[in-house]
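The values are calculated or read from the model by the stated rules, or taken from the named source; none is laboratory data. Source: prediction; values computed, not measured. Virtual Cβ from ideal backbone geometry, glycine too; neighbours counted across all protein chains shown. The area values use the complete protein model at the heavy-atom level, side chains included, leaving out ligands, DNA and RNA. Shrake-Rupley method; radii C 1.70, N 1.55, O 1.52, S 1.80 Å.
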Amino acid sequence: MNMITNHMPTAALQALDAAHHVHPFSANTALGQEGARVITRARGVTLTDSDGNEILDAMAGLWCVNIGYGRDELAEVAARQMRELPYYNTFFKTTHVPVIALSQKLAELAPGDLNHTFFAAGGSDANDTNIRLVRTYWQTKGKPGKDVIISRKNAYHGSSVGSASLGGMAAMHAQGGIPIPNIHHIGQPNWWAEGGDMDPGEFGLARARELEEAILELGEDRVAAFIAEPVQGAGGVIVAPDTYWPEIQRICDKYEILLIADEVICGFGRTGNWFGSQTLNIRPDIMTVAKGLSSGYAPIGGSILSDEVAEVISSTDFNHGYTYSGHPVAAAVALENLRILEEEKIVEHVRDVAAPYLKAKWEALVDHPLIGEAKIVGMMGSVAMTPHKESRAAFAAPAGTVGQIARDRCFANNLVMRHVGDRMIISPPLVMTPGDIDTLIARATKALDETHAIAKDQGLMDPA
Ligand code: PXG
């Protein structure tokens, strides 16, 4: 049997990695010189690396391992499905049992009349589907001019040409000729960084009204849809002020545009409900899902459509699909993941136990000398590091300088906590116990103390 095991010394694995593997979102030459950390196994909420270090994973992989690592049930379901039917397509008048069962289950779990799923292999391709889908929807309804999609600066919707165009990451738009035409970006509801002298409520309203201004400026007859993450994830876990989402919903209701909630991170329990749209009380026409759908055990994503959107799309030949749309092994794994989430009441565990416990400890980090703001919704949180809390100042050093130090101190303390610029973010497995959360907070605090000491030593505590 061809097992891929940790059979070489770490340095040899790192050298081979540097020689032949091109990492995503990395400066690969510099990474090759430093050596990538080799992760060899994981159980529960803990990763093990090739040197035997045990690391608490407060990012759930890449925001996805909601049920935690090492669940044999998923491995067994995958093996069984591979033996029964490893692959078949759903293009040419065929279907199969796993995709039928998963579609039905998603219709049951998704709110309102979101009852129909178009499958992809992840979030990027699901959002590409959404671009083609909303434009085809309006074309089919006799309004081909409605082809502009409004999104937000600093949003993350994926890395393909279409989904990265939807996203609002300036560094991504600087490479490779994106965004594609007819994508319009409005401001993000990031009060800490951009709120100026407004109070958070005022600022939330102002940012939501940018949607209305954009619709009026572009013309309602040109706007197809608005897409947003209920809580921005990769942008730094940006939690909008309370005034924001009700106003966005009002605007979407008033004008004839589709609301796409990108639930790739927020879905499947992350915010304390099955979907972030429920936590934020929004009524999307389409939800993008991926990540927590399979807890990352198999690549799968999709677009969940309302009855009305599905009816319009189904009335035409939608010329779109992926080889792996509804892959039977991924669908079977996702279904087993949903069974575990449901039967083990993991969403309830988040809502009633883990999230309230984490929230109290996370928000107390605001008393740390380096932290100016601590935000958390369910099991996704962020803290903003600052040299001067009162003025919400950024550091004089380039954005991310202190963040990178903090990230490295976390790793040194056996904690995976990410940085986005100078914000530190977490998105741990949903199955964390209060004991795991105590460990997380203790390691995070130690890493922040060390970061503060280094920043002072290196003269990095000057405000911009
Ligand atoms: N939408 C959202 C909201 C996401 O967070 C995608 C779409 C794209 O999904 P795929 O499966 O194509 O990756 C994502 C993915 C980061 C990071 O640095 C975040 C994601 C992916 C890679 C890195 O936080 N989110």
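Here are the numbers:
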{"item": "Of Lys345/Lys446; Lys291/Lys446; Lys345/Lys375; Lys291/Lys359, pairs whose Cα-Cα distance is over 27 Å", "result": "Lys345/Lys446; Lys291/Lys446"}
{"item": "Derived scalar couplings ³J(HN,Hα) [the stretch 153-161; Karplus, 6.51 cos²θ - 1.76 cosθ + 1.60; whole Hz; x for Gly, Pro]", "result": "4, 6, 7, 10, 10, x, 10, 6, 4"}
{"item": "Full-extension gain in nm, Met198 to Asp462, via 0.36 nm per residue minus C-alpha separation", "result": "92.6 nm"}
{"item": "Fraction of antiparallel bridges per DSSP, the chain only, in percent to nearest 5", "result": "65 percent"}
{"item": "Coarse-grained scattering of the stretch 84-211 at q = 0.09, 0.13, 0.18 Å⁻¹, given as base-10 log I(q)/I(0) from a Debye sum over alpha-carbon atoms", "result": "-0.39, -0.76, -1.13"}
{"item": "Residue-normalised accessible area of the chain, expressed per residue, 1.4 Å probe, Å²", "result": "43 Å²"}
{"item": "log10 of Debye I(q)/I(0), alpha-carbon scatterers only, for the stretch 354-464 at 0.13 Å⁻¹", "result": "-0.43"}
{"item": "Cleavage-rule hits (trypsin sites (Lys or Arg not before Pro)) in the stretch 411-445: DSSP loop, at most 10 neighbouring Cβ within 10 angstrom", "result": "none"}
{"item": "Computed E for Ala171/Arg80 - FRET, C-beta separation, R0 51 angstrom, nearest 0.05", "result": "0.75"}
{"item": "Carbon and sulfur %, accessible surface of the chain computed with the full protein complex present, 1.4 Å", "result": "54 percent"}
{"item": "Signed unit charges on C-beta, dipole axis of the stretch 73-343, positive-most listed residue Thr90, Gly267, Pro111", "result": "Thr90"}
{"item": "Where only alpha carbons of the stretch 73-343 are counted, the Rg and the Dmax (Å)", "result": "18.4, 62"}
{"item": "Hz values of 3J(HN,Hα) by residue in the stretch 411-427 - Karplus curve (6.51, -1.76, 1.60), Gly and Pro given as x", "result": "4, 4, 9, 6, 9, 8, 9, 8, 10, 10, x, 10, 9, 9, 10, 9, 7"}
{"item": "Mean projected area in nm² (Cα convex hull; one quarter of hull surface) for the stretch 1-70", "result": "5.7 nm²"}
{"item": "Cα-based shape type of the stretch 215-363, given that a ≥ b ≥ c are square roots of the gyration tensor eigenvalues and the cut on a/c is 1.5", "result": "oblate"}
{"item": "Isotropic mean projected area of the C-alpha convex hull, the stretch 20-107 (nm²)", "result": "9.3 nm²"}
{"item": "For Gly70, residues with placed amide H under 5 Å, excluding near neighbours", "result": "Gly44"}
{"item": "Rounded to 5, the percent of DSSP beta bridges in the stretch 73-343 classed as antiparallel", "result": "45 percent"}
{"item": "Cut-off under 5 Å, modelled amide H: who pairs with Gly235 long-range", "result": "Tyr156"}
{"item": "Residue-averaged 222 nm ellipticity for the chain, from DSSP H runs of 4+ at -39500 (n - 2.57), nearest 500", "result": "-12000 deg cm²/dmol"}
{"item": "Check: the stretch 73-343 dipole with +1 on Lys, Arg Cβ and -1 on Asp, Glu Cβ, in debye", "result": "700 debye"}
{"item": "Three-way shape call for the stretch 327-405 based on the alpha-carbon gyration tensor, with the a/c threshold at 1.5", "result": "oblate"}
{"item": "For the stretch 138-244: rounded, prolate or oblate by the Cα gyration tensor [a/c cutoff 1.5]", "result": "oblate"}
{"item": "Under 5 Å, built H, 5+ apart or other chain: amide partners of Val420", "result": "Ile425"}
{"item": "Counting all C-alpha pairs of the chain, share separated by more than 40 Å (%)", "result": "19 percent"}
{"item": "Loop sites in the stretch 43-131: chymotrypsin sites (Phe, Trp or Tyr not before Pro), DSSP, at most 13 other Cβ within 10 Å", "result": "Tyr87, Phe91, Phe92"}
{"item": "Mean separation of Cα contacts under 8 Å (6+ apart) over length of the chain, as relative contact order %", "result": "19 percent"}
{"item": "Residue-by-residue Karplus 3J(HN,Hα) for the stretch 289-298, coefficients 6.51, -1.76, 1.60, Hz, glycine and proline x", "result": "10, 5, 5, x, 4, 10, 6, x, 6, 8"}
